[in-house]
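Asker: My questions all concern the structure below.
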């Protein structure tokens with residue numbers, strides 16, 4: 001409809017021009033009024049167009065990415081398919097997830113006596129494979145108990161060697177990528193709402209975002 005109105009205005013203007021070519025004194029007031037009336041209608045249709053585009057984009061943003069036909073449909077991780085592995089992964093009975101002592105030790109990490117991996121290997125005369133939280137516990141590199149109190153399930157504080165190791169791994173990865181010509185980018189900490197809406201569905205977690213209310217286009221941080 002909007003394009004049709006613009007088309008009509010162009011036709012009227014062309015008709016006015018043709019009449020003026022034939023007779024400079026030709027009466028074109030009726031045509032001018034008609035053109036003006038149409039122009040007054042345009043803002044209303046522009047607003048309608050804007051609202052419809054906004055509604056359309058809202059629905060489009062809810063359409064998920066198309067998954068590969070090989071992706072397994074499941075309600076949990078039990079049926080996940082291993083596509084590719086790197087190296088050899090070994091887990092001995094001493095470190096299986098149903099070992100309650102491991103989880104007890106994680107929660108009570110502050111009360112665990114620190115010991116070295118080498119001593120444990122020598123005493124057992126058998127190599128053990130540990131989860132990352134076991135290794136952190138052994139070097140005093142994390143405080144799981146306080147982390148759970150503050151952040152809930154799986155919360156943790158990295159401390160001492162754990163924090164330094166974390167930073168060292170980040171720096172190693174950064175140097176590795178820079179050597180392969182990647183450009184490091186540190187994005188803004190906050191993001192405008194309309195920009196975030198282009199890359200995420202805000203309806204599901206908007207209430208949990210940090211906000212600085214100032215304008216209708218609030219700044220957000222996840």
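Asker: Can you confirm whether the stretch 182-193 contains a residue that is modelled with pLDDT under 95 and under 18 Å from residue 58 (Cβ atoms)?
Answerer: Checked against the condition, which is being modelled with pLDDT under 95 and under 18 Å from residue 58 (Cβ atoms), the stretch 182-193 yields at least one hit.
Asker: Against the condition under 41 Å from the mean Cα position of the chain (by Cα), part of a loop (DSSP other than H, G, I, E, B) and at pLDDT below 85, how does residue 42 come out, does it pass?
Answerer: Considered against the rule, which asks whether it is under 41 Å from the mean Cα position of the chain (by Cα), part of a loop (DSSP other than H, G, I, E, B) and at pLDDT below 85, residue 42 comes out as no.
Asker: Among the numbered conditions (1) in contact (Cβ under 8 Å) with a residue 24 or more places away in the chain; (2) surrounded by fewer than 10 Cβ atoms within 10 Å (Cβ to Cβ), tell me where residue 46 comes up short.
Answerer: Checking residue 46 against (1) in contact (Cβ under 8 Å) with a residue 24 or more places away in the chain; (2) surrounded by fewer than 10 Cβ atoms within 10 Å (Cβ to Cβ), the one that fails is (2).
Matching residues to (1) closer than 30 Å to residue 53 by Cβ; (2) loosely packed, with under 11 Cβ neighbours inside 10 Å; (3) at pLDDT below 90; (4) not assigned by TED's automatic domain parsing to the domain that holds residue 55:
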position	(1), (2), (3), (4)
103	no, no, yes, yes
106	no, no, yes, yes
114	no, yes, yes, yes
118	no, yes, yes, yes
141	no, no, no, yes
160	no, no, no, yes
163	no, no, no, yes
171	no, yes, no, yes
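Asker: If you don't mind, there's one more thing I want to ask. Just to verify a result, which residue in the stretch 16-33, among those that are touching a helix residue (DSSP H, G or I) at 6+ places or on another chain (Cβ under 6 Å) and either assigned to a helix (DSSP H, G or I) or in contact (Cβ under 8 Å) with a residue 24 or more places away in the chain (or both), is farthest from residue 52 (Cα to Cα)?
Answerer: 16
Asker: Does the stretch 20-27 contain at least one residue that is surrounded by 10 or more Cβ atoms within 10 Å (Cβ to Cβ), at pLDDT below 85 and farther than 28 Å from residue 196 by Cα?
Answerer: yes
The values are calculated or read from the model by the stated rules, or taken from the named source; none is laboratory data. Worth saying up front: this structure is predicted, and the values here are computed from it rather than measured. Positions of Cβ are backbone-derived with ideal geometry, glycine not excepted, and every protein chain shown enters the neighbour counts.
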